[in-house]
Amino acid sequence: MTFETSIELLKFHNVAYTIYALLIISVIAWFAYNLTRETKARPLVRIPFYGYIAFLVAMGVGHHIFTYNAIPWVSEDIMRHHITPDKTFEIKVANHQFNMPKKMEIKRGEKVFFDAKSDDLTYGFGIFRQDGTMVAQMQVNPGSRNDLLWTFNECGEFDVMSTEYSGPKGNSMHVKKAVIVTGCETKGVQS
C-alpha cells in the first residue's frame, strides 16, 4: 500500500481513525454499562475487557508501524543524503516577503530541493493546492538550515504561503500559482 499524495493518505487515515474511534467508544460504553449493573463484574469477567484494551493498543501502534513506509515522503526524507535533486530553488524571506523565482516550473516526478533562508523572523514555507489543502511545508528559522526535498506526484498550479505566525503582516505572505507542475496525462493529452 502506497500513497502518491497527502490527500490519498488523509482519506485512508480518516477511515482507519473513524473505525478506531468507534472501537474506543465501544470500550467506554462497555465500561459505563458495567458501572450501572447491580452485580459487580467478577475477576474472570474482567479478562476480556483488558484483552480488548490490549487489542486496541496493538491495533493503534500496528497501524502506524505498517503505514509509515506507505507515506511517500518518509523514505525520501530518511535517505535524502543519497538523493540528488533534479531542481533546486533558493527562497529568501525577509520583511514579510518571499524573494524567490516568479514561477517554479517542475515536471511530475522530479525531486525538488527548496533551500530557504530567513533574514529576520521565523516564517513558514507552505505549498498549497488551489482548493487550500496543503501539499508540503517547512519552518524557516533565521540562522539555521531550512530545506525541503519534495517529489511532486500531482500536476497543477500551487500557491506558496507562510505557515508560521510572524506578526500581522505575515497574513499577506501569499504568492499565487508560484509552483507549476506539468507532465500528467489529461484526457489522452500529455501536459
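Only the coordinates and a few stated rules stand behind these numbers; no lab work does. Please read all numbers here as calculations on a predicted model, not as lab measurements. Don't worry about glycine lacking a Cβ; one is built from the backbone with ideal geometry, like all the others, and counts go over all protein chains shown.
A few points about this structure:
- Relative packing of 154-165, 26-37, which averages over residues the other C-beta atoms within 10 Å, highest first: 154-165, 26-37
- Using alpha-carbon coordinates, inclination of helix 6-36 to the longest axis of the chain, degrees: 20 degrees
- When the pairs LYS117/LYS177; LYS107/LYS169; LYS87/LYS117; LYS87/LYS177 are compared against a 24 Å limit on Cα-Cα distance, LYS107/LYS169 fall above it.
- Take 78-88, 125-135 and order them by the average number of nearby Cβ atoms within 10 Å per residue, most first; the result is 125-135, 78-88.
- Rounded to the nearest 20 debye, dipole of the range 96-190 from Cβ charges on Lys, Arg, Asp, Glu: 200 debye
- Kirkwood hydrodynamic radius of the range 86-190, Cα pairs, Å: 14.0 Å
- Across the chain, the mean sequence separation of Cα contacts (distance under 8 Å, 6 or more residues apart), normalised by length, yields a relative contact order of 18 percent.
- All aspartates and glutamates inside 14 Å of LYS111 as judged from Cα atoms, apart from same-chain residues fewer than 8 positions distant: GLU4, GLU76, ASP77, ASP86, ASP147, GLU154
- Annotation for ILE28 and ASN14: the two label points, set 7 Å from Cα along the Cα-Cβ direction, are 2.2 nm apart.
- For the range 86-190, averaging the sequence separation of C-alpha pairs within contact (under 8 Å, six or more residues apart) and dividing by the residue count gives a relative contact order of 29 percent.
- A simple charge model with +1 on the Cβ of Lys and Arg, -1 on the Cβ of Asp and Glu and nothing else charged puts the dipole of the chain at about 540 debye relative to its Cα centre.
- Think of the range 97-175 as having a plus end and a minus end, set by charges on the Cβ of Lys, Arg, Asp and Glu; of GLY156, TYR123, GLN139, GLY156 sits farthest toward the positive end of this dipole.
- Using the Cβ-Cβ distance between ASN153 and ALA21 with R0 set to 30 Å, the FRET efficiency from 1/(1 + (r/R0)^6) comes to roughly 0.55.
- For the chain, the orientation-averaged shadow of the C-alpha convex hull comes to 16.4 nm² (one quarter of the hull surface).
- Between helix 43-67 and the chain there is an angle of about 10 degrees, using the helix long axis and the longest principal axis of the Cα atoms.
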